[in-house]
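Novice: Can you keep this structure in mind? I'll have questions shortly.
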Amino acid sequence: MTSSSLDLETQLSDLKTNALSAIAQTSDLETLEQLRVQYLGKKGQLSQVLRGMGKLSAEERPRIGSLANEVKEAIQGAIEQRQENLQKSQLEAKLASETLDVTMPGVMRSLGQVHPLNGMIDKMLDIFVGLGYTVAEGYEVETDYYNFEALNTPQDHPARDMQDTFYLPDGNLLRTHTSSVQIRYMEQHEPPLRVIAPGRVYRRDTVDATHSAVFHQLELLAVEEGLRFTDLRGTIKEFLRQMFGDDLQVRFRASYFPFTEPSAEVDVQWQGKWLEVLGCGMVDPNVLKAVGYDPERYTGFAAGLGVERFAMVLHQMDDIRRLYNSDLRFLRQFI
Ligand code: DAH
């Protein structure tokens, strides 16, 4: 064995020892790549050592050559192994830092809910739509004509006293009832018709447990040939049955409205007494004339009901003002 082959052997084994310990100490992939270049690259340490092979004899060359190969494979194997480990621990660290705790309680967002008055209106509309009615709307600011005059209630009519309201400087007023929608709808349509019109109405009323200066009504109107009082009664009874079930006590009471003839009021039992919940009647021929219908050919029935009072009866509320106080502890009880 020549001195140069011994020399190469030592160099190779030192290189291997150094490389393996450097690789084992590496903690990131970038440094590992630098080590690969440093040891195995074209200009790396292994190539430099092998350059000394030219001095070796023909018998020594294969032995050193295969030794060099072994060293190369050992370093390459160590690098691959280390790379795999580093990648694996990198992935594990990433997974650990991004872990989602699916059992953690979520962020609660409180959901809004329908106000009991709107819920009541929705329920009423559902029932009447089921009976073939169409929903219509009018205006809260009305002219004297639509609110009174066309509804057979001229300037000097005593019935105006019961429906005193708020007047605007231009002579218009806040509507006292949804009956004005009857006129607006009939002006635009021809019979046969069945409409309901929900909306807000205003009265110069003293506020108490059953009265408010602003409240809601639902208007009902049907006009066609041959409609009779029994049709009105049947419709109202069916509506009340669907609202309250079969058990609620109901009474029809003869009454008076300028725009209906004959007229009736309907009361239901509330807190041990009768509470008026709606007015109704056969449309007065004068009203039909006001919109250009022939009262000899068509008859109609109409009704106007107080939404708040229905809500009070259905939910057994003791005071109408609770509906306007925005007290969520109260309002949340109803849907
Ligand atoms: N508009 C009346 C009121 O506010 C209620 C009413 C009664 C409406 C009889 C009607 C009706 O359509 O026919 O007191």
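The values are calculated or read from the model by the stated rules, or taken from the named source; none is laboratory data. Since this is a predicted model, take the numbers as computed values, not measurements. Positions of Cβ are backbone-derived with ideal geometry, glycine not excepted, and every protein chain shown enters the neighbour counts.
Novice: On the basis of being closer than 30 Å to Met312 by Cα, in the same structural domain as Arg204 (by TED's automatic domain parsing) and either surrounded by 13 or more Cβ atoms within 10 Å (Cβ to Cβ) or β-branched (Val, Ile, Thr) (or both), does Ala136 make the cut?
Specialist: Yes; evaluated as a whole, the condition is true for this residue.
Novice: Okay, next question. Consider Thr178 carefully, then state whether it is assigned by TED's automatic domain parsing to the domain that holds Lys123, over 24 Å from Thr235 (Cβ atoms) and β-branched (Val, Ile, Thr).
Specialist: Spelling it out, it is not the case that Thr178 is assigned by TED's automatic domain parsing to the domain that holds Lys123, over 24 Å from Thr235 (Cβ atoms) and β-branched (Val, Ile, Thr).
Novice: Let me ask something additional. Does Val277 qualify as being in contact (Cβ under 8 Å) with a residue 40 or more places away in the chain and within 11 Å of the ligand (Cβ to nearest atom)?
Specialist: Here the answer is no, as Val277 does not meet what is asked.
Novice: Looking only at the stretch 67-102, which residues are over 30 Å from Asp14 (Cα atoms) and surrounded by 12 or more Cβ atoms within 10 Å (Cβ to Cβ)?
Specialist: Gln90
Novice: If you go through the stretch 193-212, how many residues are modelled with pLDDT under 95 and of a type in the set (A, V, I, L, M, F, W, C)?
Specialist: So the count comes out to 2.
Conditions (1) in contact with a His (Cβ under 6 Å, 6 or more places away or on another chain); (2) over 25 Å from Leu193 (Cα atoms); (3) assigned to a strand (DSSP E or B); (4) of a type outside the set (A, V, I, L, M, F, W, C), marked per residue:
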position	(1), (2), (3), (4)
Thr235	no, no, no, yes
Gln269	no, yes, yes, yes
Val277	no, no, yes, no
Gly281	no, no, yes, yes
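Novice: Now for a different question. Any idea which residue in the stretch 172-193 is farthest from Val141 (Cα to Cα), counting only those that are of a type in the set (D, E, K, R) and more than 13 Å from the ligand (Cβ to nearest atom)?
Specialist: That would be Glu190.
Novice: Next question. So is Leu220 within 15 Å of the ligand (Cβ to nearest atom) and either under 30 Å from Leu168 (Cα atoms) or not polar (S, T, N, Q) (or both) or not?
Specialist: yes
Novice: Can you confirm whether Ser326 is of a type in the set (Ser, Thr, Tyr), in the same structural domain as Leu125 (by TED's automatic domain parsing) and near the ligand (Cβ under 10 Å from one of its atoms)?
Specialist: So Ser326 fails the test.
Novice: Kindly check whether there is at least one residue in the stretch 249-263 that is modelled with pLDDT under 95 and either touching a Leu at 6+ places or on another chain (Cβ under 9 Å) or acidic (Asp, Glu) (or both).
Specialist: Yes, the stretch 249-263 contains a residue that is modelled with pLDDT under 95 and either touching a Leu at 6+ places or on another chain (Cβ under 9 Å) or acidic (Asp, Glu) (or both).
Novice: Just one of (1) within 41 Å of the chain's Cα centre (by Cα); (2) outside any strand (DSSP E or B); (3) within 13 Å of the ligand (Cβ to nearest atom) trips up Val287, so point out which.
Specialist: All conditions are met except number (1).
Novice: Something else now. Between a first residue in the stretch 189-215 that is hydrophobic (A, V, I, L, M, F, W, C) and a second residue that is more than 14 Å from the ligand (Cβ to nearest atom) and assigned to a loop (DSSP other than H, G, I, E, B), which pairs have beta carbons less than 6 Å apart while being 6 or more apart in sequence or on different chains?
Specialist: Partner pairs satisfying both residue conditions: Ala209/Asp319.
Novice: Given the criterion surrounded by fewer than 16 Cβ atoms within 10 Å (Cβ to Cβ), within 16 Å of the ligand (Cβ to nearest atom) and without any contact (Cβ under 8 Å) to a residue 12 or more places away in the chain, identify the matching residue among Pro105, Pro169, Pro158.
Specialist: Sole residue among the options that is surrounded by fewer than 16 Cβ atoms within 10 Å (Cβ to Cβ), within 16 Å of the ligand (Cβ to nearest atom) and without any contact (Cβ under 8 Å) to a residue 12 or more places away in the chain: Pro158.
Novice: Going by what's in this entry, would Thr153 be described as buried (at least 16 other Cβ atoms within 10 Å of the Cβ) and at pLDDT 95 or above?
Specialist: In short, yes.
Novice: Further question: Please enumerate the residues belonging to the stretch 16-40 that are part of a loop (DSSP other than H, G, I, E, B) and within 17 Å of Gly77 (Cβ to Cβ).
Specialist: Within the stretch 16-40, just Thr26 meets the criteria.
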